[in-house]
1. Would you call GLU118 of a type in the set (D, E, K, R), surrounded by fewer than 22 Cβ atoms within 10 Å (Cβ to Cβ) and in a helix (DSSP H, G or I)?
2. Closer than 18 Å to LYS159 by Cβ, in a helix (DSSP H, G or I) and in contact (Cβ under 8 Å) with a residue 24 or more places away in the chain: is that true of LEU16 in this structure?
3. Would you mind stating whether ILE20 is crowded, with 16+ Cβ neighbours inside 10 Å and either over 15 Å from ILE125 (Cα atoms) or in contact with a Lys or Arg (Cβ under 8 Å, 6 or more places away or on another chain) (or both)?
4. Which one of ASP101, ASP105, ASP149 is over 20 Å from GLY57 (Cα atoms), touching a strand residue (DSSP E or B) at 6+ places or on another chain (Cβ under 9 Å) and either open to solvent by 70 Å² or more (accessible area, probe 1.4 Å) or without any contact (Cβ under 8 Å) to a residue 12 or more places away in the chain (or both)?
5. Among the residues of segment 45-55, are any closer than 25 Å to GLN136 by Cβ, surrounded by 22 or more Cβ atoms within 10 Å (Cβ to Cβ) and in contact with a His (Cβ under 9 Å, 6 or more places away or on another chain)?
6. So which residues in segment 21-41 are out of contact with any strand residue (DSSP E or B) (no Cβ under 7 Å at 6 or more places or on another chain) and not in a loop (DSSP other than H, G, I, E, B), if there are any at all?
7. Pairs, please: C-beta under 6 Å, at least 6 apart or cross-chain, first residue over 26 Å from ARG102 (Cβ atoms) and in segment 42-69, second open to solvent by 60 Å² or more (accessible area, probe 1.4 Å)?
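The values are calculated or read from the model by the stated rules, or taken from the named source; none is laboratory data. Owing to the predicted nature of the structure, the values given are computational and were not obtained by experimental measurement. Methodologically, a virtual Cβ is constructed for each residue, glycine included, from the backbone with ideal geometry; neighbour enumeration extends over all protein chains shown. Quick note on the areas: whole protein, heavy atoms, side chains included, nothing else; ligands and nucleic acids left out. Shrake-Rupley method; radii C 1.70, N 1.55, O 1.52, S 1.80 Å.
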Amino acid sequence: MKILIVSDTHRKDESLHKIIAETESLDMLIHLGDSEGSEDKIAGWIPAGCELQMVLGNNDFFSDLDREREVVIGKYRVLLTHGHYYNVSLGVERLEQEAADRGLDIAMYGHTHRPFYEVHNGITILNPGSLSYPRQEGRKPSYMIMEIDEQGEAHFTLKFLEK
């Protein structure tokens, strides 16, 4: 199973469109907020049979997307959130605690425009960064691929686009 994880595209969707078109065997696309009205356009780009999960970001003013979602991916229970309600700009502690309180395995967030991947007390916490306005050192647009292998184990790859 192959999952594309993105966030913070802010209506600058060309890179996302290209990645979707070039990614073979895509089973799910997760957008962690701040699509800013591109939801229908993105839904039209995904291949048949690909599941789309999107959540509300702090700049999705007129959207009816959910503030956050809990989904199951393989054997993993996953929290999808933009992260601003958990003050992720200051750290992931509140998000980690929320995931632990709910008995979740993975917490995915956006908002900071910086890629992040760590395992805290058995909970995988990740942020794919931003495809449109990266803020980490070097400022390369980024996204993640999650793959579930034949044994059901998750593997994550952080990918960067050249400017």
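1. Numbers: of a type in the set (D, E, K, R): yes; surrounded by fewer than 22 Cβ atoms within 10 Å (Cβ to Cβ): yes; in a helix (DSSP H, G or I): no.
No, not satisfied.
2. Here the answer is yes, as LEU16 does meet what is asked.
3. Values: crowded, with 16+ Cβ neighbours inside 10 Å: yes; either over 15 Å from ILE125 (Cα atoms) or in contact with a Lys or Arg (Cβ under 8 Å, 6 or more places away or on another chain) (or both): yes.
Taking the combined requirement at face value, the residue satisfies it.
4. ASP149
5. Quick first cut of segment 45-55, residues closer than 25 Å to GLN136 by Cβ only: 53-55.
Imposing the further condition that a residue be surrounded by 22 or more Cβ atoms within 10 Å (Cβ to Cβ) reduces the set to 54-55.
Next cut, in contact with a His (Cβ under 9 Å, 6 or more places away or on another chain) only: 54-55.
Yes, there is a match, as at least one residue in segment 45-55 is closer than 25 Å to GLN136 by Cβ, surrounded by 22 or more Cβ atoms within 10 Å (Cβ to Cβ) and in contact with a His (Cβ under 9 Å, 6 or more places away or on another chain).
6. Within segment 21-41, ALA21, GLU22, ASP40, LYS41 meet the criteria.
7. Within 6 Å, the pairs are TRP45/HIS17.
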